[in-house]
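The values are calculated or read from the model by the stated rules, or taken from the named source; none is laboratory data. What you are looking at is a predicted structure, and each value in this text was computed from that prediction instead of being measured. Cβ placement follows ideal geometry from the backbone for every residue including glycine, while neighbour counts extend to all protein chains displayed.
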Amino acid sequence: MGMSSDSPISDMAEGAIKGALDWTVEKVKSYVKKLKERKLAFIQEKKTIDIVKEQYTSGESKFYQIYIEDKELLFLVRMGLTLRKLENDPDRLRNLRDKIYKKYKVIGLHIAELVQIGVLNRYVGILIDELISIENLKEDIEEILRNIEKHVIFIQADSNISEIVKKATIIVNSHSPPIFILSGIKNASKILKNNLEKFKIILKDYNLERVSSENEEILFFKRKLK
């Protein structure tokens, strides 16, 4: 005869299993929390760390969590969201930029900056305009982040325009990216504004979309369909 469902032994077994599962869930949560704390430890500043944690639940972060499977890339995207949040706090902004540069080198900082100034959002918007599939979208987003130097040039205030034109020409001829981006903020934006025609000439096979304001100039060159 089988044991009835209301048997004390059955109840004890069920309770033990449930207790073990609950314990396991709590352990996992604790482990994940410790991993996150360890990953953020390089920042060394509690208020900034708290702002980073807030970005994990932001709308943008949740969006990119769907389309970026690479955890390191997603982390740098969240660093970029944090940089944006710190734009009215120059000292913390500079400190976090320095920490990102020290730990993730210039590529990591450029990924974070791409997010900070909203370039990644507009890039994704352009991709969505011609969306083929979700898988394609995922691949294209990770491609620009993983190989950012083949897709984007960040202009600095002391950049030499001849060198920038030369670099843009080499990138476009070598890699022919579907979307090529030139970005300059503050004083660097003037360099782009004053030399727009030069870039139009070397990127004649691309259509131009500008995001322009007093302190920002971002040029999105989108390759023409042949």
I need the full set of residues from the range 202-226 which are hydrophobic (A, V, I, L, M, F, W, C) and touching a helix residue (DSSP H, G or I) at 6+ places or on another chain (Cβ under 9 Å), in order please. 202, 203, 208, 211, 218, 219, 220, 221
Give the residues of the range 169-186 that are in a loop (DSSP other than H, G, I, E, B) and either touching a His at 6+ places or on another chain (Cβ under 7 Å) or at pLDDT 95 or above (or both), sorted by residue number. 177
Taking the range 102-116 as the region of interest, how many residues are surrounded by 15 or more Cβ atoms within 10 Å (Cβ to Cβ) and of a type outside the set (A, V, I, L, M)? 5
Is there a residue being aromatic (Phe, Trp, Tyr), within 16 Å of residue 121 (Cα to Cα) and outside the structural domain of residue 106 (by TED's automatic domain parsing) anywhere in the range 173-181? yes
Go through 166, 226 for me and flag whichever is over 22 Å from the mean Cα position of the chain (by Cα), surrounded by fewer than 15 Cβ atoms within 10 Å (Cβ to Cβ) and modelled with pLDDT of 95 or more. 166
Filtered residues of the range 63-109 (kept if touching a helix residue (DSSP H, G or I) at 6+ places or on another chain (Cβ under 6 Å), touching a residue at least 24 places away in the same chain (Cβ under 8 Å) and hydroxyl-bearing (Ser, Thr, Tyr)): 64, 67, 82
Picked from the range 187-226 (must be of a type in the set (Val, Ile, Thr) and outside any helix (DSSP H, G or I)), the residue farthest from residue 149 (Cα to Cα) is 211
Inspect the range 132-144 for any residue being assigned by TED's automatic domain parsing to the domain that holds residue 87, modelled with pLDDT under 95 and in a loop (DSSP other than H, G, I, E, B) and give the result as yes or no. yes
Determine whether the range 62-73 contains at least one residue that is in contact with a Leu (Cβ under 9 Å, 6 or more places away or on another chain), farther than 20 Å from residue 181 by Cβ and in a helix (DSSP H, G or I). yes
